[in-house]
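One structure is given below, encoded as structure tokens.
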Amino acid sequence: MDVPKEQITALLDNALFNSAQLLGSFLVSSSTVNAETSPHLKAENLVLLGDALFREREYRRAIHTYKQALQYYKIIPKQNSTSSRSALSASNRSSSPNSFNICAINENEVKFKIASCHFALSENKVALVEMEGIPSKARNLQMSLLMAKLYRNTKHTRGAVTCYRECLRQCPYVIEAIIALAELGASAKDIISLFPQTPNRGGRAQLDHGDSSRWLQRYVEAQCCIASNDYKGGLELLAELLQRFPNNTHILLEMAKVEAIIGKNDEAIMNFEKVRSIDPYVVTYMDEYAMLLKMKSDYSKLNKLVHDLLSIDSTRPEVFVALSVLWERKDERGALSYAEKSIKIDERHIPGYLMKGNLLLALKRPESAVMAFRGAQELRADLRSYQGLVHSYLAFSKVKEALYAAREAMKAMPQSAKALKLVGDVHASNSGGREKAKKFYESALRLEPGYLGAALALAELHVIEGRNGDAVSLLERYLKDWADDSLHVKLAQVFAATNMLQDSLSHYQSALRINPQNEAAKKGLERLEKQMKGVDPDAPEEEEENEVDDADAEQEEAELL
């Protein structure tokens, strides 16, 4: 043979994929290999070239090459085919596209590689057709995991559950299978029961049921709590795990994600920052961190985060969501295009849908926002998708639908003060429901006394009904324990409405000392200063001034970007 096959195998083993691909072109075109008399050699050579192309991410060429190999495989005499399979079985090679020391072709393995290429191209249905051509008894762990992902991506939930369960039967440490089964509704007891209990001659990974493996069971319980919206229980279990595995970036990220969902923003930011201090190149969940920084108006950190993410990997969906967050202040339509790009990269990326929904709501397109939040809910319903749905429905007066969504949130999270507040928000949207809204807000505060969102909503209700004194006493009570800029802004608004302008001024200034970027405080203070000068803040001739201010703000944003 002109080109020794072991040479391309050596290049593949040493990760010299470009050289392997170039050498492979010589290998498959060699005149010494007659396709008619030696189809098995031709097929093996094509598979090696396909492996090189796969690792070079030339997936279309790899698919084409693998399919050529299968065509030659089909014309191999039956006895050769049988001996090839035996040789492969004897070699006990992995069927992963990452393993290339193949001495003979195996049809199932090549189908798996073709499916892997389609999966990399997000062609899930085509990949699934290839995988379903592999008999279930012939599937190994990698094949089962790919099938599970394909079934889930194509919304075949039952098939996905079956395949994920099979993964854990073979190896209890397939963490992504644990997370997926929890999200698909499996109980912790059900998942743990799948773990191999006794020694297995088949070489499957065993779970040591002593103290050393108890952490894995705790991890399963934590993921099941989070998936069932028991965020408090999930956080407690993750905190317990963190004591055993200090500085574990995965656990810290999971905790930060949950804290972001339930509104524990300061704790979430602290955990995200800890992760970045341990590993500054982490991209996972960093779009969630970007959203929190925007909520805190910390645009310098947000700008640095986006810059870092772009330099780490500009192809990840998290990067485009973070870009969307950064651009929202300057150009909401531009920000929307970034959010849509993140979904295009990964159709299962929930923050992309949440960001898209919030932007559509800001652009006064609530009907489209509903679709985005529904997209997030189909993937995994959490508090933020419910909040988005309720606010979107209320924005175009679909009170019945908003109430249904809020009640669904309350059923899913019966111990959540934020779910109770959502129901209160719907009732507060019409004058006839304000008394009910008051009860829901008060219930939310009893359940979670430190929930400022419910306190602010209740204060707003007091103001609407003319109980300004009640609003002031409520907000001042909270100010004793929480120095929050939003509390100062609300107090300032109440004092301004009752013509107590000096008190209003004091609270706007306090809000801006805590958060200099608070837009509501800036606008409120500007309005208040006009009132104090005896100028009507709603007079139309003042619009030109506002336009100048907007231009100044845009210039500041341009400098920041």
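In this calculation the C-beta distance from Gln7 to Lys189 is compared with R0 = 56 Å, giving a FRET efficiency of 0.60.
Sorted largest first by accessible area at a 1.4 angstrom probe radius, with every protein chain in place, the residues Arg169, Arg407 fall in the order Arg407, Arg169. Shown for region 133-199: the carbon plus sulfur share of the solvent-accessible area, taken with all protein chains present and a 1.4 angstrom probe, equals 54%. Counting only alpha carbon atoms, the long axis of helix 452-464 and the longest principal axis of the chain meet at about 40°. Per the Debye calculation on the chain with a single equal scatterer at every Cα and no solvent contribution, log₁₀ I(q)/I(0) for q = 0.08, 0.10 Å⁻¹ amounts to -0.69, -0.96.
Extension gain, Leu242 to Arg477: 0.36 nm times the residue separation minus the Cα-Cα distance gives 81.1 nm.
Here the accessible area is traced with a 1.4 Å probe on the protein chains. For region 317-474, carbon and sulfur cover 50 percent of it.
A full extension of the chain between Lys533 and Asp503 corresponds to an added length of 9.2 nm, given 0.36 nm per residue minus the alpha carbon distance.
Rolling a 1.4 Å probe across the protein heavy atoms gives the chain an accessible surface of 49 Å² per residue.
With 0.36 nm allotted per residue and the present C-alpha distance subtracted, the Met295-Ser30 stretch has 89.1 nm of extension available.
Between the listed residues Phe17, Gln7, Gly466, the Cα displaced farthest toward the positive end of the dipole of the chain, a dipole computed from Cβ unit charges relative to the Cα centre, is found at Gln7. Applying both filters, DSSP loop and at most 15 other Cβ atoms within 10 Å, to the chymotrypsin sites (Phe, Trp or Tyr not before Pro) of region 363-458 gives Phe396.
Any of Lys257/Lys523; Lys356/Lys480; Lys111/Lys189; Lys296/Lys341; Lys125/Lys418; Lys301/Lys523 with alpha carbons more than 27 Å apart? Name them for me. Pairs exceeding the cut-off: Lys257/Lys523; Lys356/Lys480; Lys111/Lys189; Lys125/Lys418. For the chain, adding -39500 (n - 2.57) for each run of n ≥ 4 DSSP H residues and dividing by the number of residues yields -22500 deg cm²/dmol at 222 nm. Take every Cα pair under 8 Å in region 464-532 that's 6+ residues apart, average their separations, divide by the length, and report that relative contact order as a whole percent. Here the relative contact order equals 27 percent. In percent, rounded to a whole number, the relative contact order of region 298-422 is 15, using alpha-carbon pairs under 8 Å and six or more apart.
Only Cα pairs under 8 Å and 6+ residues apart enter the sum, and on that basis the relative contact order of the chain stands at 5 percent.
The values are calculated or read from the model by the stated rules, or taken from the named source; none is laboratory data. Small disclaimer: the values here were computed from a predicted structure and weren't measured. Don't worry about glycine lacking a Cβ; one is built from the backbone with ideal geometry, like all the others, and counts go over all protein chains shown. Protein only, heavy atoms only, side chains kept; ligands, DNA and RNA dropped before computing areas. Shrake-Rupley method; radii C 1.70, N 1.55, O 1.52, S 1.80 Å.
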